[in-house]
Amino acid sequence: MKHFETHNYKSNFVLEQGQYSYVYIRNFEIPPLEEIADHDAVVIEVKNLDFVRLIVNAVRSNLDPDIYLTPIFLLKKDVLDDVPYIEELVDGSIKSLDDLGFVNKEIDKINIRKNSLNITSSVSFEAQVITKLIALMYVRELKVLNPIPDKYSNLYYSFPFMAINFEEKEEHLALKILNLAEEEGMLRSEYFDRVYLCSSCSGSHMSYREVCPKCSSSNTTPSDIIHHFPCGYVGPMKDFSNEIDDKLDCPKCNKRLRHIGVDYDKPSVIHHCNNCSHNFQDYNVNAKCMSCHTDRSVETLKAHDIKTYRLTKKGELAAIKGFTSTSKDIEDVMGTVKYDTFKTMLKYEIERLKQTLGDSNLCAIHIGNSSQVYSKLGSELQRGVFKDLVSVIRSNIRSSDVIAFWSSSTIVVSMNDIPHKIALRITGEMVELLSELIKSSFDDLEVNFETKTVALDYRKPHEMQLRELLAEFD
Amino acid sequence: MEGILDSYMRFLATLTPAYFFELFWFYFVFEFIRYFFLEFIVLNLYKIKSWTQRDKKEDARRRLFLENPLVSILIPGKNEGKHLYKLANSLSEQTYKNIEIIVVDDGSDDETPIIGRSLEKAGLIDTFIRNELRGGKASAANCALRFAKGKYIIHLDADCSYDNDAMEKILIPFFMDNRVGGVGGNVSVRNYNESLVTTLQGIEYFNTITTGRTVTSYLGIYRIISGAFGAFRADVLDQLKGWDIGPGLDGDITVKIRKKGYKIAFAEDANCLTSVPNTFKKLIKQRLRWDKSLVRFRMRKHRDILIPNQSFKYSNFISAFENITYNVLLNFKWYVYLGIMLTYYRPLFLNIFITNILLYTATNYVKFVVYSLYRPKAHVSMSYFLVYLPCMVLYYGMYLRAVRTVAYLQEFFFKKSYQDPWNPRKTSIHGEYLGI
């Protein structure tokens, strides 16, 4: 049954049906990817899975959100083998082009959510990957990111939305970034499995072998040890084998071995190394990495937990508002301390105030339109802006005062031992200088600085005072 | 007491030389001549030989280090795990370095497998073989031997410790005489001050065993390479295909090497310390086993040594004959002496008994002091033992003699050694059937 009017070919790659236009990829021909941004969805004819994988990877790994967030559908005439990696990356499948009408609802839903996003460019690669991940999860309403067993993956498990960003050899970095996203509160995890990776190249394609503990050769031969009771001779089975028949004869007393448990027994097994002639019972287990060919004891492998991840509310909000930088990125900015360190120092300052009853202040400088600002700046420029902001603030405060990033858009500053009025004045001067700096550096960039300066109250806990200060910037 | 003393003084006054000999012939003929006079002469000869051969010995030592052959150290045993770390550590301190250590765990039911494996992993021992089924000491030693790669084999007991030049010293005799097939090390008592029984054994090892081995070695009739510390040429052990089932396998292998025409040497300066049984009960058990093996191996399995045939050798004959005569025959002859004294000299028996004790004690003191001039360095101060020397008469003359007598009779008439749980029944049953 056909639900909609038949489709029309507008060009070799573009297909239209009603108000929708699709990029239609078939016959192993690849259209210019930037064209995808101008259409509602991508339809890929499935004839060769490797080709499909290639196209899907190319679309999803693109850096332009208008491309990587575009819905993708597979045109499958026959039922194919289950390919979970590809299934995860696409938004559905149809059996013929006549069924396109069935997926338009899905396209609408995705595009509505896509349009609600405020994608910012990110300071670091890590932040960029996290941005892509949470955007893809949000747009597709994907609450859980499950690891998929994947023989092609260098980790044996794939997170397709992560794997698209990495070369096969660098896939282990995906785990690091997922952990980072969890630390940032974007994702919440549950243990799923553990993988052991090569300590040299982080590959997981290992060949596990029992090896000689002396020379690490796997060329070993096991043998039963035989004890002949009457004469006490003990040796490997080959000592007892004779060349005439398959019976066992004692090399010491020439008696024929007849009955196990009565005239002989086998007290143990021994391994002989054909490489170095060492005899041993307790072999080592080595893992040979099939990627970098290092051959090491399994104890040297690095254990990594594979987890399932859920997008948190914070993650969803970050997807909508834009995610610029990880804590790690802003912690690295010269002249600042970590936010946790800032809190500790604030706590001690409050303790000091209890004794001296002096005047100290806490100031927050917030970039109100950070999403727009960062989306206009590249990663390098963003990092430069961070540095410049900090350097301007630093030049206006005393060297004993401390600066920390609370988030990529909010900076907190302690201004100790000065009256509140002066602190307010300094804050005002700093904002002026910062605005001038931005104006002089970027022609058409408008930055809305918002500030709040409060006098420290030694009767209130430091965390409460910080919460109150930053409440309006959250 | 006064009466006894008075009677004894009167007895001494009646003693003429002829009468003295009539009453104490056993001491003069067998004890004084064999265990003091002859030993003293041989010790002197031995000293002279050592002095004249000092350059040859130094040359042998030099050649040992020049050739630097691989030496396999075999440590078979059951439930010896607790000693292994200390032993392996002490072996790593040896002056002779080219060694491989092979430990065979003969079906231990304690922590030995775990300890052995971890020492092997740590590289303190080269090969650890765990046999799940206990096969007895001989099978464990043979198992280690089968996988040994060294040109020389040293057999150790795990509960012993060794001077840091002991391995070097025990190997030197092989380089002094290429007809030497096996060398025994000098075993002393480590726990000599633990109890009276260990002190008495300390004196026994110190005064009798070491001296006895020095003398018999000089005479070419040395007969037991101690299982606690013995070295062998690997090719000789290969010809023999290792040890036969015990107990008493160390004496057995020594005879087998002798029968192959090789010499046995004693390295008195290759020192080993062992822990001896610390109660009289445990000592009885050990000595019954040792003494039974004399009958089993010397008088049964290797009786052919005493029979003139194609492979007859005087040194082997004398070695076995001396051993049987002084340990078995004279042991029973002593009872004859006792019987004569009780029958014909009953009124004088107490006085004869006291005199015998005094004679033996005096001899022990003289021997102890004089022989100390011939002994190499010791691990214990001699003065410690002086107080205990009077006890040796009862220890050696009564206690050990009684144990020996029981052991010989048990073995003669009941072949009790085959029932000894020291060896698993599955192997002993074959030994008994084959008469070995």
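The values are calculated or read from the model by the stated rules, or taken from the named source; none is laboratory data. Given the structure is predicted, the values throughout are model-derived calculations rather than measurements. As a convention, Cβ positions derive from the backbone with ideal geometry for all residues, glycine included, and neighbour counts pool all protein chains shown.
Numerical summary
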read-out: Among the residues listed as B:395, B:388, the single one being modelled with pLDDT of 90 or more, crowded, with 17+ Cβ neighbours inside 10 Å, more than 14 Å from every other protein chain (Cβ to nearest Cβ) and farther than 24 Å from residue B:106 by Cα; value: B:395
read-out: Wholly enclosed strands (runs of 3 or more DSSP E) of the stretch A:380-474 bearing at least 3 residues on the phi < 0 side of the Ramachandran plot and at pLDDT below 85; value: A:403-407
read-out: Conditions (1) small (Gly, Ala, Ser); (2) touching a helix residue (DSSP H, G or I) at 6+ places or on another chain (Cβ under 7 Å); (3) within 13 Å of chain A (Cβ to nearest Cβ): number failed by residue B:161; value: (3)
read-out: Matching residues, the stretch B:228-248, being surrounded by 24 or more Cβ atoms within 10 Å (Cβ to Cβ) and within 24 Å of residue B:288 (Cα to Cα); value: B:229, B:230, B:243, B:244, B:245, B:246, B:247, B:248
read-out: From the options A:277, A:291, residue that is of a type in the set (Ser, Thr, Tyr) and free of Cβ contacts under 8 Å to residues at least 60 places away in the same chain; value: A:277
read-out: Top-ranked residue of the stretch A:258-281 - restricted to ones that are surrounded by 17 or more Cβ atoms within 10 Å (Cβ to Cβ) and not in a strand (DSSP E or B), ranked as farthest from the chain's Cα centre (by Cα); value: A:263
read-out: Hey, residue B:125 more than 8 Å from every other protein chain (Cβ to nearest Cβ), more than 23 Å from residue A:253 (Cβ to Cβ) and not in a loop (DSSP other than H, G, I, E, B) or not; value: no
read-out: Selected residue (criterion: farthest from the other protein chains (Cβ to nearest Cβ)) from residues of the stretch B:403-436 that are acidic (Asp, Glu) and buried (at least 17 other Cβ atoms within 10 Å of the Cβ); value: B:411
read-out: Of all residues in the stretch B:331-354 being in contact with a helix residue (DSSP H, G or I) (Cβ under 7 Å, 6 or more places away or on another chain) and among the hydroxyl-bearing types (Ser, Thr, Tyr), the one that is surrounded by the fewest Cβ atoms within 10 Å (Cβ to Cβ); value: B:345
read-out: Complete set of residues in the stretch A:53-90 that are of a type in the set (Val, Ile, Thr) and under 24 Å from residue A:109 (Cα atoms); value: A:55, A:56, A:59, A:67, A:70, A:72, A:86, A:90
read-out: Residue match in the stretch B:108-122 (condition: touching a Ser or Thr at 6+ places or on another chain (Cβ under 9 Å), at pLDDT below 95 and either part of a loop (DSSP other than H, G, I, E, B) or more than 10 Å from chain A (Cβ to nearest Cβ) (or both)); value: no
